[in-house]
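Right, one structure below, let's go through it.
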Amino acid sequence: MEENKSLLYRFKPIADRLPAVTRPEGHVHFRTKMMWVVLILIIYFVMTNIYIYGLDQEKTLDLFAQYRTIMAGASGSLLQLGIGPIVTASIIMQLFVGAKIIKLDLTNRDDKACYQSFLKLLVIAMIIIEAVPQVFGYLEPSAKFVSSFGLGGARGLIVLQLFIGSYIVFLMDEVVAKWGIGSGISLFIAAGVSEALFTGTVNWNPVGAGAVSMSNMPAGTIPQTIYILSNMDASSLANGGYDLLVLGGPNPLIALVGTIVIFMIVAYLESTRIELPLSHGSARGARGRYPIKLIYASNIPVILMAALLANISMFALLFYTNPALSSIPFIGHNDLIGYFEAGATHAAGGFAWYVSAPTGLTSWLLPIIDPSSYGDGMHGPIQHLMHVIIYFTVMVLGAIMFAKFWISTTNMGAESVANQIQKSGMQIPGFRRDPRVLRRVLDRYIPIVTVLSGAIVGALAAGADLIGTTGNASGTGVLLTVGILIQFYEAMGREQMMEMHPVMRGFFGED
């Protein structure tokens, strides 16, 4: 058996010596779990407001600006990298395990422990890989900081701060997973997006410096709407006022309406499920149901896709603008990979532009309908249409792929669920009490629902991005947040049920 073990077992002793969060020995009470969740959220918001020491804020360029809310970080802070390294490491491990390049059986306890150990090392590697390129060219140290420590020392200290902040986020995710409720990554995304939505809706401060005026209106959708309606007469509203109200930036009314519609659609889909009847094998009359939700793979596939596209955007920018990387033959400063205008972090052309999220109707629909008035001067209607089609297709197919990998690596496949039902003493009425029989029944539903789940969340995320959202939270961010909040509410309900009925802990995989 030792010969068949994966080579990753050689790294396990190293990973086991790294700082980690120990798993509780027994059941953690609901109040204790909620206390940890609240405490971790407070620490998260504090860290988003601790800026990197020695950083020149005016010269800082945010490589993740387009995906900032989804990356659950804050530009220029200790959480500059957000959850990027964690999610990127998870993507790599899932792809390698799913493609059988790494031979690990995640239903085996030892293999799963090895998987988690190596994931920790890979997260550290990804922190360094994402931090170093940003510091060398995009996170400029201040002149005073350079004079004190030298350019190399100043950059090294900034990398160290990014490393510490990102590793703390990794540990906080472990705290939530082991001592709290749900996922820390999901919690951080929901917190960041909720903040963006709230400020984008009710912020009464003007967009720019100075007093509020028609050229410097309130930034929030609701104050902006009230201001326009209060300061424009009927003729002004008819001659462009309504266009400004519905489509004007930075938080137009259409974005708020789109956000509400997305919220309602996701809430409905989250409640849609197939319920398989169950009965207890020994307790006569004891019955239950096993729900297979339409959004079976949860919102994880969209998180992974968002992180993947964010990394594509970041590396495309690095290869186009970084002095060292841009000189590499074929891929350096290549317009086909990604074209970036001076000082911009959003691709203006090339592959990186086609797979980037359109930011609302004004970025694609109006340029297609009226290119002379709303065009960007670089792309024609056909190119904007191809941008929408390619982005939508990439999101849907990518979400399906990650949904299948996620189900296979988290004990949510037909075989794992059949074993869970068997161990709980339950069975499907009319079928033999045999895991193999249960698996055949579940195979009729779970693989199909997994593909549908990935396709639906991918299509919803892409559609939400196309419509646009208030607070520049991105459609993907709103989709994720609604799903996360609903799942967190359901997880709280399960925790309270297990508090009242301890026998249910075994069915939900609790100790």
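The values are calculated or read from the model by the stated rules, or taken from the named source; none is laboratory data. Computed from a prediction, not measured in an experiment: that's the story for all the values here. Note that we place each Cβ from the backbone using ideal geometry, even for glycine, and neighbour counts take in every protein chain shown. Side chains included, ligands, DNA and RNA excluded: accessible areas come from the protein's heavy atoms. Shrake-Rupley method; radii C 1.70, N 1.55, O 1.52, S 1.80 Å.
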Extreme residue, least open to solvent (accessible area, probe 1.4 Å), among residues of region 339-350 that are within 14 Å of Y67 (Cα to Cα) and touching a residue at least 60 places away in the same chain (Cβ under 8 Å): T345
Counted residues, region 309-335 - those being open to solvent by 60 Å² or more (accessible area, probe 1.4 Å), among the hydrophobic types (A, V, I, L, M, F, W, C) and part of a helix (DSSP H, G or I): 1
When residues of region 424-464 are limited to those that are of a type in the set (V, I, T) and touching a strand residue (DSSP E or B) at 6+ places or on another chain (Cβ under 9 Å), the one surrounded by the most Cβ atoms within 10 Å (Cβ to Cβ): I446
Failed item, numbered, when L61 is tested on (1) touching a residue at least 24 places away in the same chain (Cβ under 8 Å); (2) farther than 16 Å from L162 by Cα: (2)
Where I129 falls short, out of the listed (1) under 18 Å from F64 (Cα atoms); (2) aliphatic (A, V, I, L, M); (3) assigned to a helix (DSSP H, G or I); (4) in contact with a helix residue (DSSP H, G or I) (Cβ under 7 Å, 6 or more places away or on another chain): (4)
Index of the failed condition, E130 passing every other in (1) buried (at least 16 other Cβ atoms within 10 Å of the Cβ); (2) touching a strand residue (DSSP E or B) at 6+ places or on another chain (Cβ under 9 Å): (2)
Search result, residues across region 178-216 that are open to solvent by less than 30 Å² (accessible area, probe 1.4 Å) and either of a type in the set (D, E, K, R) or free of Cβ contacts under 8 Å to residues at least 24 places away in the same chain (or both): N216
Search result, residues across region 351-373 that are farther than 22 Å from T259 by Cβ and surrounded by 15 or more Cβ atoms within 10 Å (Cβ to Cβ): F351, A352, W353, Y354, V355, P367, I368, P371
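Quick grid of which residues meet (1) within 30 Å of G156 (Cα to Cα); (2) not in a loop (DSSP other than H, G, I, E, B):
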{"residue": "L61", "(1), (2)": "yes, no"}
{"residue": "S75", "(1), (2)": "yes, no"}
{"residue": "I91", "(1), (2)": "yes, yes"}
{"residue": "K100", "(1), (2)": "no, no"}
Identity of the residue in region 149-185, of a type outside the set (A, V, I, L, M, F, W, C) and under 18 Å from T88 (Cα atoms), that ends up modelled with the lowest pLDDT: S183
Some residue of region 192-199 being of a type in the set (A, V, I, L, M), under 32 Å from the mean Cα position of the chain (by Cα) and modelled with pLDDT under 85: no
Selection within region 217-239 - closer than 21 Å to T469 by Cα and open to solvent by less than 30 Å² (accessible area, probe 1.4 Å): M217, P218, A219, G220, T221, P223, Q224, T225, I228
Pair list, Cβ under 8 Å, 6 or more apart: region 133-159 residue over 22 Å from G343 (Cβ atoms) and in contact (Cβ under 8 Å) with a residue 12 or more places away in the chain, other residue open to solvent by 60 Å² or more (accessible area, probe 1.4 Å) and among the aromatic types (F, W, Y): F145/Y53; L157/Y53; L157/F149
H384 vs. criteria open to solvent by less than 50 Å² (accessible area, probe 1.4 Å), modelled with pLDDT of 85 or more and in contact with a Leu (Cβ under 9 Å, 6 or more places away or on another chain): yes
L81 vs. criteria surrounded by 20 or more Cβ atoms within 10 Å (Cβ to Cβ), touching a residue at least 60 places away in the same chain (Cβ under 8 Å) and in a helix (DSSP H, G or I): no
Selection count, region 111-121, where residues are surrounded by fewer than 21 Cβ atoms within 10 Å (Cβ to Cβ), within 19 Å of I185 (Cα to Cα) and hydrophobic (A, V, I, L, M, F, W, C): 2
From F45, F64, F11, residue being open to solvent by 80 Å² or more (accessible area, probe 1.4 Å) and aromatic (F, W, Y): F11
Helices (runs of 4 or more DSSP H) wholly inside region 399-496 containing at least 1 residues that are of a type in the set (S, T, Y) and touching a Phe, Trp or Tyr at 6+ places or on another chain (Cβ under 9 Å): 446-467
